[in-house]
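S.K.: Mind having a look at this structure? Questions to follow.
The values are calculated or read from the model by the stated rules, or taken from the named source; none is laboratory data. Fair warning: this is a prediction, and the values are worked out from it, not measured in the lab. Cβ: placed from backbone, ideal geometry, glycine included. Neighbour counts: every protein chain shown.
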């Protein structure tokens, strides 16, 4: 799926594959949370990270299932969610070393060049994520490629808004966000 050769219809049907994908998503989310917390010194704890991860998973399910129901493809929901959680987790694994190696001012004198390379790599990863999730939406919802990517972008925007709102409440003063 990450190389756009398979679609959600190629995912195994049923509840067990979906639960495995969600479990994988949670494990990778915890790894990413630990990498961010150790880099930034955030003391929000694993509980806050798990709550934010659960909120993101809920947004993904409600947004995606809602669109699928609107398009009259109810039977495609389990395979689509398996594909979305699995692809998101796999891309999270790719992002994990980048998150863990995020340059800081204390690490290098020439932080601008390091941060520039890191930023380009993160933007490329985000674009890849958009295309992969767009492909899943495209094939599930019978959209064109551009609408699939825009649908994925809609999920990322909604998820980011909810994430930031909750992060302000759960991690006041530690996120650099206004309290």
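S.K.: For segment 120-171, give me each residue that is part of a loop (DSSP other than H, G, I, E, B), in contact (Cβ under 8 Å) with a residue 40 or more places away in the chain and in contact with a helix residue (DSSP H, G or I) (Cβ under 8 Å, 6 or more places away or on another chain).
M.R.: Result: 171, single match.
Yes/no per residue for (1) part of a helix (DSSP H, G or I); (2) closer than 22 Å to residue 10 by Cα; (3) without any contact (Cβ under 8 Å) to a residue 24 or more places away in the chain:
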| residue | (1), (2), (3) |
| --- | --- |
| 51 | yes, no, no |
| 54 | yes, no, yes |
| 57 | yes, yes, no |
| 67 | yes, yes, no |
| 76 | yes, yes, no |
| 81 | yes, yes, no |
| 87 | yes, yes, no |
| 90 | yes, yes, no |
| 97 | yes, no, yes |
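S.K.: Something else now. Keeping to segment 156-178, report how many residues are at pLDDT below 90 and surrounded by 14 or more Cβ atoms within 10 Å (Cβ to Cβ).
M.R.: The total comes to 8.
S.K.: Looking at segment 58-83, which of its residues are surrounded by fewer than 18 Cβ atoms within 10 Å (Cβ to Cβ) and within 16 Å of residue 24 (Cβ to Cβ)?
M.R.: Within segment 58-83, just 61 meets the criteria.
S.K.: Scan segment 133-155 residue by residue and report those that are surrounded by fewer than 17 Cβ atoms within 10 Å (Cβ to Cβ) and on the phi < 0 side of the Ramachandran plot.
M.R.: Of everything in segment 133-155, those that are surrounded by fewer than 17 Cβ atoms within 10 Å (Cβ to Cβ) and on the phi < 0 side of the Ramachandran plot turn out to be 144, 145, 146, 147, 150, 153, 154.
S.K.: Do we find that residue 46 is modelled with pLDDT of 85 or more, more than 19 Å from residue 156 (Cα to Cα) and surrounded by fewer than 19 Cβ atoms within 10 Å (Cβ to Cβ) in this structure?
M.R.: No, not satisfied.
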